[in-house]
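The values are calculated or read from the model by the stated rules, or taken from the named source; none is laboratory data. All of these numbers come straight from a predicted model, not from anything done at the bench. Cβ placement follows ideal geometry from the backbone for every residue including glycine, while neighbour counts extend to all protein chains displayed. For the accessible areas, the whole protein counts, side chains as well, though only heavy atoms, and no ligand, DNA or RNA atoms are used. Shrake-Rupley method; radii C 1.70, N 1.55, O 1.52, S 1.80 Å.
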Amino acid sequence: MSSVLLRRKRDNDALTENLLITGASQLLTLRGGAPRRGTSLSKLGIVEDGAVLLCRGEIAAVGTRAQVESRKDAKQAEKLDVGGRVVLPGFVDSHTHLIHATSRAEEYELKIQGASYEEIARKGGGILNSVKKLRAASAEALKARARAALEEFASCGTTTVEAKNGYGLNVASELKILCLQRELNNEQPLEIVSTFLGAHVVPAEFRGKPDGAERYIALLLEQMLPEVVNERLAEFCDVFCDRGAFTCAQSRRILSEAQQHGLLPRLHAEQLSRTGATQLAVELGAASCDHLEQVNAADIRALAKSRTVATLLPGCDFHLGWKQYAPARKLIEAGAVVALATDYNPGTSPTVSMPMVLSLACSQLRMTPAEALAAATINAAYALRREKRIGSLEVGKQADLAVFEVEDYREIPYYFGMQRCWMTVKSGEVIYMRD
Ligand SMILES: [Zn+2]
């Protein structure tokens with residue numbers, strides 16, 4: 001049995017004053033700055049018999065139980081002993097398609113029977129199927145589904161979620177999604193970081209016509225983007241740059257224009273085919289380029305020299321039954337900044353579980369448990385350019401943490417497909433706890 005205690009965000013004044021958490025068999029601080037490259041990715045800054053003092057939504061002290069308990073402000077705090085469990089920073093899920101209308105379970109079955117992703121797309125399935133359903137869905141229904149998913153994110157230890165629009169593909173529907181993301185950010189405790197992904201694919205009504213893609217891009221740049229900018233609906237701009245979606249040249253135009261309006265670029269890159277999207281991401285100074293199953297040696301070298309985060313999404317390859325995962329070891333060894341995310345979406349990665357993504361990162365990407373944890377916390381925070389505020393347990397940072405029902409952090413990826421998250425805290429407030 002578990003209970004989800006998501007409550008409305010409170011005013012600062014009403015935040016729990018002080019909370020002292022003790023009894024951590026291992027407290028993973030992830031202290032030491034970001035981004036993490038190479039061997040620094042596996043440094044978790046572990047404190048045994050750890051304690052952390054939360055004060056008005058921030059971290060006031062971190063250390064051993066003896067160090068933290070001896071503080072005057074700790075003596076007056078509400079106390080919680082976690083009984084030898086592992087405490088770590090809340091997961092930062094830096095790539096999701098949060099708002100969509102329904103699952104695509106019928107396509108899942110077709111894929112198992114042998115239909116390719118692209119065959120399904122050609123038959124009106126895939127992303128365009130989600131677009132049809134989203135356009136027909138009410139804002140209330142979309143919000144209810146997203147809210148339920150956010151409760152599940154919290155129950156898996158996630159405290160910050162990036163979210164992209166992209167299943168509307170017309171002005172009204174895309175703005176509807178981004179407005180819902182903003183409402184959800186204000187109405188429930190998880191932080192939602194919005195990315196404008198108008199360039200997901202070319203919508204059906206523009207396909208098969210001369211210059212269809214160009215006409216859609218014109219709509220995106222002349223009508224959607226100005227609204228997104230004026231209403232401050234997103235911080236980042238993303239493009240699905242791949243076979244069957246947008247070319248590098250088109251991606252460059254969209255992202256450059258968005259950049260001029262203050263949106264930081266990110267890219268869906270090298271998932272289905274190698275297009276050169278990674279080189280484009282590096283050239284534009286993108287915050288991240290995500291997927292990377294098809295990157296080559298030159299792409300890896302370019303990423304290693306850049307601040308662009310290589311965000312790997314192994315849930316996608318797992319769900320699609322693909323054998324080719326992104327070359328995580330080569331990326332880490334070259335010195336690229338590697339992060340992990342769920343890519344929560346109805347077509348290729350229907351999961352909100354960062355612990356499951358960690359299990360896949362270890363078993364399929366050959367990342368160590370320590371590397372996977374850093375990639376899902378501090379480096380993921382860096383991918384959202386929030387590394388100074390979240391992603392580690394250090395004094396002055398936001399009090400976002402997760403407690404897992406394990407004694408050793410390596411058991412977090414070791415158990416797969418199991419619910420081991422025991423408690424989640426966002427800005428000092430308990431938002432999830434198992435009974
Ligand atoms: Zn995606």
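Structure data summary
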quantity: Normalised alpha carbon radius of gyration of segment 137-279 [divisor 2.2 N^0.38 Å]; calculated: 1.07
quantity: Cut-off under 5 Å, modelled amide H: who pairs with G198 long-range; calculated: D238
quantity: Distance histogram in 20 Å bins (all Cα pairs of the chain, percent per bin); calculated: 28, 58, 14, 0
quantity: Inverse of mean 1/r across different Cα pairs in segment 237-344, Kirkwood, Å; calculated: 13.6
quantity: Protein-only accessible surface order, largest first, of K164, K323, K72, K176 at 1.4 Å; calculated: K323, K72, K176, K164
quantity: Residue-wise HN-Hα coupling along segment 98-109, computed from phi with Karplus coefficients 6.51, -1.76, 1.60 (Hz; x: Gly, Pro); calculated: 4, 9, 8, 7, 8, 6, 10, 5, 5, 6, 4, 5
quantity: Calculated from backbone phi, Karplus (6.51, -1.76, 1.60) coupling profile of segment 20-33 in Hz, x at Gly/Pro; calculated: 9, 9, 10, x, 7, 4, 9, 10, 8, 7, 6, 5, x, x
quantity: Gyration tensor over alpha-carbon atoms, segment 350-435, equivalent ellipsoid semi-axes in Å; calculated: 21, 17, 11
quantity: Förster-model FRET efficiency, 25 Å R0, D211 and S116, C-beta, rounded to 0.05; calculated: 0.35
quantity: Extension gain (nm, one decimal) between S40 and E187, 0.36 nm per residue minus Cα-Cα; calculated: 49.2 nm
quantity: Over the chain, relative contact order from alpha-carbon pairs under 8 Å, at least 6 apart, %; calculated: 23
quantity: Nearest 10 degrees, 0 to 90: helix 126-136 Cα axis against the chain principal axis; calculated: 80
quantity: Model label zone, A204; criterion: amide N under 15 Å from point 7 Å along Cα-to-beta-carbon; scope segment 132-168; calculated: 132-137, 167-168
quantity: Carbon + sulfur, % of accessible area of the chain - ligands and nucleic acids excluded, 1.4 Å; calculated: 50
quantity: Over segment 276-435: Kirkwood hydrodynamic radius from C-alpha pairwise inverse distances, Å; calculated: 16.3
quantity: Cα-only Debye scattering, segment 39-119: base-10 log of I(q)/I(0) at q = 0.23 Å⁻¹; calculated: -1.19
quantity: By accessible area with a 1.4 Å probe, ligands and nucleic acids excluded, highest first: order of D81, D299; calculated: D81, D299
quantity: Relative contact order of segment 299-391, pairs being alpha-carbon contacts under 8 Å that are 6 or more residues apart, as %; calculated: 29
quantity: Inter-label distance, nm, simple model (7 Å from Cα along the C-beta direction), A105/A218; calculated: 4.3
quantity: Per-residue [θ]222 nm for the chain (sum of -39500 (n - 2.57) over DSSP H runs n ≥ 4, rounded to 500); calculated: -9500 deg cm²/dmol
quantity: Packing-based order for 89-97, 390-398, using average beta carbon neighbours within 10 Å, highest first; calculated: 89-97, 390-398
quantity: Nearest-0.05 FRET efficiency for R31 and S70, computed from C-beta distance (R0 35 Å); calculated: 0.95
quantity: GNM flexibility winner over the chain from I112, I332, I177 (Cα, springs under 10 Å); calculated: I112
quantity: Candidates S155, S273, S130: whichever shows maximal mean-square fluctuation once the chain is modelled as a Gaussian network with Cα springs under 10 Å; calculated: S273
quantity: q = 0.12, 0.22, 0.29 Å⁻¹, segment 259-322: log10 I(q)/I(0) [Debye, one scatterer per Cα]; calculated: -0.29, -0.84, -1.23
quantity: Average Cα contact separation per residue, segment 271-351, under 8 Å, 6 or more apart, as relative contact order %; calculated: 29
quantity: Order of exposure, largest accessible area first, which applies to W422, W322 with probe 1.4 Å; calculated: W322, W422
quantity: Helix 171-187 axis, angle to the chain major axis (alpha carbon atoms, nearest 10°); calculated: 0
quantity: Accessible area expressed per residue, segment 175-241, with surrounding protein chains retained (probe 1.4 Å, Å²); calculated: 38
quantity: Amide proton proximity set for I46, modelled H, under 5 Å, gap of 5+; calculated: T29
quantity: Centre separation in Å (Cα based) which lies between segment 71-112 and segment 368-434; calculated: 8
quantity: Under 20 Å from K209, Cα to Cα: lysines that are on another chain or at least 8 residues apart; calculated: K123, K132
quantity: Residue list for segment 86-106, given a label point 7 angstrom along the Cα-to-Cβ vector of Y415 and an amide N cut-off under 11 Å; calculated: 86
quantity: Space enclosed by the convex hull of the alpha-carbon atoms of segment 308-393, per residue, Å³; calculated: 96
quantity: Inter-part distance where segment 16-58 and segment 192-258 are each reduced to a Cα centre, Å; calculated: 39
